[in-house]
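K.L.:
Pasting a structure here, questions to come.
The values are calculated or read from the model by the stated rules, or taken from the named source; none is laboratory data. Keep in mind that this is a model prediction, so the values were computed, not measured. Reconstructed Cβ throughout: ideal geometry from the backbone, glycine too, with neighbour counts over all protein chains shown. Accessible surface is based on the protein model in full, side chains and every heavy atom, while ligands, DNA and RNA are left aside. Shrake-Rupley method; radii C 1.70, N 1.55, O 1.52, S 1.80 Å.
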Amino acid sequence: MATSKEAAREAAALSEQLHRHAHLYYVLDAPELPDAEYDKLFQRLQALEAEHPELRTPDSPTQRVGGKPLDGFTKIRHKVPMLSIRTETDITPAGASAFDARVRKELGLAEDAPQVEYVCELKFDGLALNLRYEAGVLVQAATRGDGEIGEEVTQNIRTVQQIPLRLRGESPPPVVEVRGEVYMKRADFDALNERQREKIAAGQKNEKVFVNPRNAAAGAVRQLDPAIAARRPLSFFAYGLGEVTPPEQGGPSCETQFDWLQQFAAWGFPVAQQTARARGAIELIAFHETIGRQRDALPYDIDGVVYKVDSLALQRQLGFVSREPRWAVAHKYPAQEQLTEVLAIEVQVGRTGKLTPVAKLAPVFVGGVTVTNATLHNEDEARRKDVRVGDTVIVRRAGDVIPEVVGVLPESAARPDDKRGPVFTMPHQCPVCGSAAVREEGEVDYRCTGGLFCGAQRKEAILHFAARRALDIEGLGDKLVEQLVDAGLIRTLPDLYKLGFTTLAGLERMADKSAKNIVDALEASKTTTLPRFLFGLGIRHIGESTARDLALHFGRLDGIMDASEAELLEVNDVGPVVATSLRTFFDQPHNREVVEHLRACGLHWPEGEPAARTPRPLVGKTFVITGTLPTLSREEAKDKLETAGAKVAGSVSKKTDFLVAGEEAGSKLVKARDLGVAVIDEARLLEILDKGLPEG
Ligand code: IVH
């Protein structure tokens with residue numbers, strides 16, 4: 001079939017639009033089209049190309065993904081070698097002036113000669129690439145390799161949305177090679193690792209978790225299957241030039257590095273916005289300092305900055321020493337990863353009772369500070385990383401985040417088991433107070449259940465108890481609690497009521513008037529209500545409304561403290577998680593002691609009779625209602641079921657016990673049948689509500 005001119009014209013127009021919108025979206029971060037509109041254009045082009053395969057050019061926006069897995073990479077020789085760059089040995093800001101002094105000396109500049117102009121760039125922590133464009137179309141992407149010979153990775157690089165398949169703008173040069181760094185943003189890296197962890201958890205043995213964004217990026221670029229590479233989100237920054245057609249033969253005429261960077265941006269490449277021009281050493285130092293402050297907030301890793309002499313004429317004059325240009329230098333920041341030895345693994349308890357395994361380390365300088373502790377996050381992470389005492393580990397401290405153990409050095413992990421420390425296990429007792437530590441279903445963390453007694457949770461427990469919606473002890477805020485606990489005046493809640501005026505007034509920065517107010521507030525708080533008191537205990541999952549429901553249902557505190565889980569489940573809105581939490585809390589002898597002491601201090605509230613027990617025969621059963629019932633509205637049916645203790649869900653799942661189906665029941669009915677869920681009609685529902693379920 002001959003390509004109609006019309007089809008060719010439409011394809012070209014679509015291609016143009018798609019390139020423009022992809023650039024706006026991926027490079028400039030300023031999309032103009034809703035995603036769905038973009039997709040429509042994309043699908044239209046795909047359809048046209050399917051009809052007229054000859055329109056499917058290599059630079060078509062549809063040609064990013066595709067291509068078959070490779071057996072290996074082809075080696076290619078770089079037309080212009082990819083050089084390395086000298087690293088300034090002095091990593092203090094003053095290192096910048098050493099570079100400026102060398103440049104001035106090499107150029108033979110007198111002391112009173114004008115300042116040299118530089119371009120300051122970020123030193124991205126990724127993988128260097130050479131991208132070759134012929135007549136504006138990407139024809140080859142290659143890794144740096146040893147600088148002379150690299151590997152062809154065109155297929156994979158085509159999937160990087162930030163890299164143009166075709167240079168933007170009019171009259172592209174016959175040949176140009178743009179160089180830069182392919183890297184992975186930290187958020188993309190975290191999301192990728194999250195997916196990797198899920199795959200591993202699902203039993204996929206040959207998947208792994210990546211140690212850092214650079215490794216993940218390198219792995220993606222050198223992935224033999226482009227379909228997999230496409231799922232590893234990569235980004236790109238342009239910063240340099242390889243072979244290029246000279247100006248007299250149609251190449252661009254740039255005279256400075258800065259001009260080139262602007263040319264790259266005009267062609268559609270991302271260029272880091274932090275890039276700046278600087279005159280002389282003082283401005284280089286200022287740049288190093290500014291970026292040093294911004295480093296942690298950048299969405300990607302950098303390991304330093306790069307200074308380049310701006311003028312290409314001066315660059316040529318300076319030339320090279322061995323394989324390094326004299327006109328550029330890398331000026332690094334303190335490394336964010338270091339190796340060190342694990343001395344012990346401890347478990348720390350946070351203010352809210354969360355248990356965190358922490359590796360105690362031989363002191364090591366990382367990310368600008370000396371680190372002796374690094375988090376292992378939680379049980380699953382600790383198990384996955386399998387860190388043992390005596391292991392050499394990679395410690396990472398990026399930004400203000402707490403230092404973490406990235407993993408065990410492979411050599412160290414490979415030692416025979418009997419040469420390593422024991423496998424770490426999470427304790428089932430709180431290391432601070434000895435109460436039970438539990439990990440709830442669906443949670444990653446273990447928590448101490450001795451909230452009222454545990455030393456680690458003391459401050460938090462007191463603040464919660466004193467809060468306005470709990471015992472409402474005015475004046476007992478953050479600072480004062482801190483002061484009281486640190487001075488050893490309060491260990492558990494009852495100690496509050498032993499504070500006298502003299503003790504309080506004797507505290508630093510405490511006026512007599514304030515001390516008196518606090519004594520009064522404490523006295524007033526003794527007359528309270530059961531819901532407030534219960535909420536004030538800070539039991540996990542017990543919010544104000546649950547506390548109210550519990551109080552209403554049981555009438556008295558002892559009823560709640562002694563209720564079985566089954567009895568607790570009868571309370572409105574109390575599910576298994578809340579019931580277990582209450583039970584565990586009151587099973588800790590220390591918590592009960594605290595409650596008794598509070599009562600002995602004079603805390604009191606009106607107690608009542610348990611609410612008349614409406615029978616709740618359907619506790620623990622889940623119903624779904626669908627279709628139109630003959631007499632009841634869906635709301636009425638739901639009310640009746642809930643009053644009888646049932647749970648009414650919106651969709652059918654394996655956990656559904658009954659589907660109540662009326663007229664015109666649709667997909668829910670189909671699903672229920674598929675899953676073997678019992679289907680009943682209104683008549684049967686009313687019977688169940690009236691007589692309960694038959695036994696068994
Ligand atoms: S310029 C002749 N600029 O650092 C100068 N390199 O050791 C060639 N890098 O392999 C390099 N950011 O991977 C240059 N803004 C930047 C850079 C940068 C990162 C990497 C690049 C190169 C290595 C040099």
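K.L.:
Looking at the range 284-309, I want the residues that are over 12 Å from residue 122 (Cβ atoms) and in contact (Cβ under 8 Å) with a residue 60 or more places away in the chain and have a partner that is of a type in the set (Asp, Glu) and open to solvent by 20 Å² or more (accessible area, probe 1.4 Å) with Cβ atoms under 7 Å, at least 6 apart or on another chain. Which pairs are those?
P.N.:
296/400
K.L.:
In addition: State the number of residues belonging to the range 483-504 that are touching a helix residue (DSSP H, G or I) at 6+ places or on another chain (Cβ under 8 Å) and open to solvent by 80 Å² or more (accessible area, probe 1.4 Å).
P.N.:
Residues flagged as touching a helix residue (DSSP H, G or I) at 6+ places or on another chain (Cβ under 8 Å) and open to solvent by 80 Å² or more (accessible area, probe 1.4 Å) within the range 483-504 amount to 2.
K.L.:
Here is a further query. So, of the residues in the range 464-476 that are open to solvent by less than 40 Å² (accessible area, probe 1.4 Å) and assigned to a helix (DSSP H, G or I), which turns out to be nearest to residue 591 (Cα to Cα)?
P.N.:
465
K.L.:
Okay, next question. Are any residues in the range 322-358 in a strand (DSSP E or B), open to solvent by 50 Å² or more (accessible area, probe 1.4 Å) and within 12 Å of the ligand (Cβ to nearest atom), and if so, which ones?
P.N.:
Those that are in a strand (DSSP E or B), open to solvent by 50 Å² or more (accessible area, probe 1.4 Å) and within 12 Å of the ligand (Cβ to nearest atom): 324, 332.
K.L.:
For the range 627-651, enumerate the residues that are farther than 26 Å from residue 576 by Cα and either among the aliphatic types (A, V, I, L, M) or open to solvent by less than 80 Å² (accessible area, probe 1.4 Å) (or both).
P.N.:
The answer is 627, 629, 632, 633.
K.L.:
Which condition breaks for residue 208 when tested against (1) within 22 Å of residue 275 (Cα to Cα); (2) open to solvent by 10 Å² or more (accessible area, probe 1.4 Å); (3) of a type outside the set (A, V, I, L, M, F, W, C)?
P.N.:
Checking residue 208 against (1) within 22 Å of residue 275 (Cα to Cα); (2) open to solvent by 10 Å² or more (accessible area, probe 1.4 Å); (3) of a type outside the set (A, V, I, L, M, F, W, C), the one that fails is (1).
K.L.:
While we're looking at this one, here's another question. Considering only the range 270-279, how many residues are part of a strand (DSSP E or B) and within 13 Å of the ligand (Cβ to nearest atom)?
P.N.:
First, the residues of the range 270-279 that are part of a strand (DSSP E or B): 276-279.
Those left that are additionally within 13 Å of the ligand (Cβ to nearest atom): 276.
Looking only at that region, the number is 1.
K.L.:
Another question, then. Confirm whether residue 412 is in contact with a helix residue (DSSP H, G or I) (Cβ under 7 Å, 6 or more places away or on another chain) and either closer than 15 Å to residue 344 by Cβ or surrounded by 14 or more Cβ atoms within 10 Å (Cβ to Cβ) (or both). It would help to see each step written out before you state the result.
P.N.:
On the way: in contact with a helix residue (DSSP H, G or I) (Cβ under 7 Å, 6 or more places away or on another chain): no; either closer than 15 Å to residue 344 by Cβ or surrounded by 14 or more Cβ atoms within 10 Å (Cβ to Cβ) (or both): yes.
Here the answer is no, as residue 412 does not meet what is asked.
K.L.:
Would you confirm, using the coordinates I've provided, whether residue 71 is in contact with a strand residue (DSSP E or B) (Cβ under 9 Å, 6 or more places away or on another chain), more than 13 Å from the ligand (Cβ to nearest atom) and not β-branched (Val, Ile, Thr)? Quick ask: steps written out before the conclusion?
P.N.:
Values: in contact with a strand residue (DSSP E or B) (Cβ under 9 Å, 6 or more places away or on another chain): no; more than 13 Å from the ligand (Cβ to nearest atom): yes; not β-branched (Val, Ile, Thr): yes.
Spelling it out, it is not the case that residue 71 is in contact with a strand residue (DSSP E or B) (Cβ under 9 Å, 6 or more places away or on another chain), more than 13 Å from the ligand (Cβ to nearest atom) and not β-branched (Val, Ile, Thr).
K.L.:
Can you tell me which residue within the range 243-269, out of those that are more than 12 Å from the ligand (Cβ to nearest atom) and open to solvent by less than 20 Å² (accessible area, probe 1.4 Å), is modelled with the lowest pLDDT? Don't jump to the end; show me each part of the working.
P.N.:
In the first step, residues of the range 243-269 are kept if they are more than 12 Å from the ligand (Cβ to nearest atom); the result is 243-256, 258-259, 262-263, 265-269.
Checking which are open to solvent by less than 20 Å² (accessible area, probe 1.4 Å) leaves us with 245, 251, 267-269.
Working: 245: 97, 251: 94, 267: 97, 268: 97, 269: 98.
Among those that are more than 12 Å from the ligand (Cβ to nearest atom) and open to solvent by less than 20 Å² (accessible area, probe 1.4 Å), it is 251.
K.L.:
For the range 293-321, what are the residues that are in contact with a Lys or Arg (Cβ under 7 Å, 6 or more places away or on another chain), more than 12 Å from the ligand (Cβ to nearest atom) and either β-branched (Val, Ile, Thr) or farther than 24 Å from residue 234 by Cβ (or both)?
P.N.:
The one that is in contact with a Lys or Arg (Cβ under 7 Å, 6 or more places away or on another chain), more than 12 Å from the ligand (Cβ to nearest atom) and either β-branched (Val, Ile, Thr) or farther than 24 Å from residue 234 by Cβ (or both): 310.
K.L.:
Scan the range 255-273 and report the pairs whose first residue is closer than 15 Å to residue 235 by Cα and whose second residue is at pLDDT below 95 and outside any loop (DSSP other than H, G, I, E, B), with Cβ atoms within less than 6 Å and a gap of 6+ or a chain change.
P.N.:
Pairs found: 268/23; 270/27.
K.L.:
Now for a separate question. List the residue pairs whose Cβ atoms are under 9 Å apart, where the first residue sits in the range 325-350 and is farther than 28 Å from residue 362 by Cα, the second is among the acidic types (Asp, Glu) and open to solvent by less than 40 Å² (accessible area, probe 1.4 Å), and the two are 6 or more positions apart or on different chains.
P.N.:
329/88; 330/88; 330/303
K.L.:
Can you give me the number of residues within the range 91-139 that are open to solvent by 30 Å² or more (accessible area, probe 1.4 Å), in contact with a helix residue (DSSP H, G or I) (Cβ under 6 Å, 6 or more places away or on another chain) and away from the ligand (no atom under 15 Å from the Cβ)?
P.N.:
4
K.L.:
Is there any pair with a first residue in the range 360-385 that is within 24 Å of residue 196 (Cβ to Cβ) and among the hydroxyl-bearing types (Ser, Thr, Tyr) and a second that is assigned to a helix (DSSP H, G or I) and open to solvent by 60 Å² or more (accessible area, probe 1.4 Å) whose Cβ atoms are under 7 Å apart and which are 6 or more apart or on different chains, and what are they?
P.N.:
Once the first residue is within 24 Å of residue 196 (Cβ to Cβ) and among the hydroxyl-bearing types (Ser, Thr, Tyr) and sits in the range 360-385, no partner that is assigned to a helix (DSSP H, G or I) and open to solvent by 60 Å² or more (accessible area, probe 1.4 Å) comes close enough.
K.L.:
Find all pairs meeting these conditions: Cβ atoms under 9 angstrom apart; at least six residues apart or on different chains; first residue within the range 175-193 and open to solvent by 10 Å² or more (accessible area, probe 1.4 Å); second residue acidic (Asp, Glu) and assigned to a strand (DSSP E or B).
P.N.:
The qualifying pairs are 175/134; 175/243.
K.L.:
Report yes if some residue within the range 528-540 is touching a residue at least 24 places away in the same chain (Cβ under 8 Å) and over 19 Å from residue 582 (Cα atoms); otherwise report no.
P.N.:
Scanning the range 528-540 turns up at least one residue that is touching a residue at least 24 places away in the same chain (Cβ under 8 Å) and over 19 Å from residue 582 (Cα atoms).
K.L.:
I would also like to ask the following. Mind listing whichever residues of the range 366-392 are among the β-branched types (Val, Ile, Thr) and within 27 Å of residue 353 (Cβ to Cβ)?
P.N.:
Quick first cut of the range 366-392, residues among the β-branched types (Val, Ile, Thr) only: 366, 369-372, 375, 387, 389, 392.
Listed by number, the residues that qualify are 371, 372, 375, 387, 389.
K.L.:
Could I ask something else about it? Identify, please: which residue in the range 140-160 is in contact (Cβ under 8 Å) with a residue 40 or more places away in the chain and small (Gly, Ala, Ser) and is, among those, farthest from the ligand (Cβ to nearest atom)?
P.N.:
Kept after step one, since they are in contact (Cβ under 8 Å) with a residue 40 or more places away in the chain, are these residues of the range 140-160: 140, 142-145, 147-153, 155-160.
Filter once more, so that each one left must be small (Gly, Ala, Ser): 142, 145, 147, 150.
Working: 142: 13, 145: 11, 147: 8, 150: 11 Å.
Out of the qualifying residues, it is 142.
K.L.:
Taking into account only those residues within the range 76-90 that are open to solvent by 40 Å² or more (accessible area, probe 1.4 Å) and assigned to a strand (DSSP E or B), which is nearest to the ligand (Cβ to nearest atom)? First the steps, then the outcome.
P.N.:
Our first condition is that a residue be open to solvent by 40 Å² or more (accessible area, probe 1.4 Å); within the range 76-90, this holds for 77, 79-81, 83-87, 89-90.
This time we only want the ones that are assigned to a strand (DSSP E or B), so: 77, 87.
Working: 77: 17, 87: 7 Å.
Among them, the one singled out is 87.
K.L.:
Failed condition for residue 200, given (1) more than 29 Å from residue 173 (Cβ to Cβ); (2) of a type in the set (A, V, I, L, M, F, W, C); (3) modelled with pLDDT of 90 or more; (4) surrounded by fewer than 19 Cβ atoms within 10 Å (Cβ to Cβ), with all others met?
P.N.:
All conditions pass for residue 200, except number (3).
K.L.:
Can you find a residue in the range 226-235 that is of a type in the set (Ser, Thr, Tyr) and either within 16 Å of the ligand (Cβ to nearest atom) or open to solvent by less than 40 Å² (accessible area, probe 1.4 Å) (or both)? Before the answer, list the steps.
P.N.:
As a first pass, look at the range 226-235 and keep what is of a type in the set (Ser, Thr, Tyr): 235.
From what's left, either within 16 Å of the ligand (Cβ to nearest atom) or open to solvent by less than 40 Å² (accessible area, probe 1.4 Å) (or both): 235.
Yes - at least one qualifying residue is present in the range 226-235.
K.L.:
Quick check: is even one residue across the range 40-53 assigned to a loop (DSSP other than H, G, I, E, B), open to solvent by 50 Å² or more (accessible area, probe 1.4 Å), more than 25 Å from residue 262 (Cα to Cα) and of a type outside the set (A, V, I, L, M, F, W, C)?
P.N.:
Restricting attention to the range 40-53, the residues satisfying the condition of being assigned to a loop (DSSP other than H, G, I, E, B) are 52.
Within this subset, residues satisfying the condition of being open to solvent by 50 Å² or more (accessible area, probe 1.4 Å) are none.
Within the range 40-53, not a single residue is assigned to a loop (DSSP other than H, G, I, E, B), open to solvent by 50 Å² or more (accessible area, probe 1.4 Å), more than 25 Å from residue 262 (Cα to Cα) and of a type outside the set (A, V, I, L, M, F, W, C).
K.L.:
Of the residues 654, 668, which is modelled with pLDDT of 90 or more, touching a Leu at 6+ places or on another chain (Cβ under 9 Å), in a loop (DSSP other than H, G, I, E, B) and open to solvent by 60 Å² or more (accessible area, probe 1.4 Å)? Let's see the steps before the verdict.
P.N.:
Working: 668 fails: in a loop (DSSP other than H, G, I, E, B).
None of the others qualify; the one that does is 654.
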